[in-house]
1. Among the listed residues Arg67, Arg110, which satisfies the condition of being more than 13 Å from the chain's Cα centre (by Cα), among the basic types (Lys, Arg) and under 15 Å from Phe29 (Cα atoms)?
2. Among the residues of segment 12-58, count how many are closer than 28 Å to Asp113 by Cβ, part of a loop (DSSP other than H, G, I, E, B) and either acidic (Asp, Glu) or modelled with pLDDT of 95 or more (or both).
3. Would you confirm whether any residue within segment 85-94 is closer than 24 Å to Tyr5 by Cα, touching a residue at least 12 places away in the same chain (Cβ under 8 Å), open to solvent by less than 50 Å² (accessible area, probe 1.4 Å) and of a type in the set (D, E, K, R)?
4. Within segment 124-135, which residues are open to solvent by 60 Å² or more (accessible area, probe 1.4 Å) and not β-branched (Val, Ile, Thr)?
5. Considering only residues that are within 21 Å of Leu32 (Cα to Cα) and open to solvent by less than 40 Å² (accessible area, probe 1.4 Å), which ones fall in segment 95-107?
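The values are calculated or read from the model by the stated rules, or taken from the named source; none is laboratory data. Here the structure is a predicted model, which means the values were calculated and not measured. Here the Cβ positions follow ideal geometry from the backbone for every residue, glycine too, while neighbour counts run over all protein chains shown. Surface areas here come from the heavy atoms of the whole protein model, side chains and all, with no ligands, DNA or RNA. Shrake-Rupley method; radii C 1.70, N 1.55, O 1.52, S 1.80 Å.
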Amino acid sequence: MNNQYLIDFADYKDIDEWMNMVDIVKDDFPGLDMDDYRKGMEKTIERKTGILARHDDKIVGLLIISRKNSEIYFLAVHPDYRKKGIASKLLQFSFKEFKPKTYIKVTTYREGDPKGTAPRKLYKRLGFIEDELLIEFDYPTQRFIKPSM
């Protein structure tokens, strides 16, 4: 297995494979509704806000952003490919998509939540700082923010 990852925007031909990957990681996302998610994929592709990572022609990472809201909505890496820098590569690719001098927002798990250990560490390493505590989908979360370049 080589360490080459192709990062690019998702296309219509990627929807089924993208959704298979979402199905694998869905338990990490409280409130995720697979039917609603799939319905939103066409708009995600049309707007070029869905970014994927491929390894050996297999989708191994997913990212959805909102340029309008300067927000990262969804970031997931296949469990077999975690801790290989894929999430960092996806985020770095996305940063150039945000308007300069805005704050990029992302919501993740709160400190102390075992599901939040890796994402919180990643966001902090990439320059995000802790912001307000929230409840989303009846689950305690925290917003992080990062100034865009």
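1. Arg110
2. 2
3. No, because not a single residue in segment 85-94 is closer than 24 Å to Tyr5 by Cα, touching a residue at least 12 places away in the same chain (Cβ under 8 Å), open to solvent by less than 50 Å² (accessible area, probe 1.4 Å) and of a type in the set (D, E, K, R).
4. Once the filter is applied, which keeps residues that are open to solvent by 60 Å² or more (accessible area, probe 1.4 Å) and not β-branched (Val, Ile, Thr), segment 124-135 yields Lys124, Arg125, Glu130, Asp131, Glu132, Leu133.
5. The answer is Val106, Thr107.
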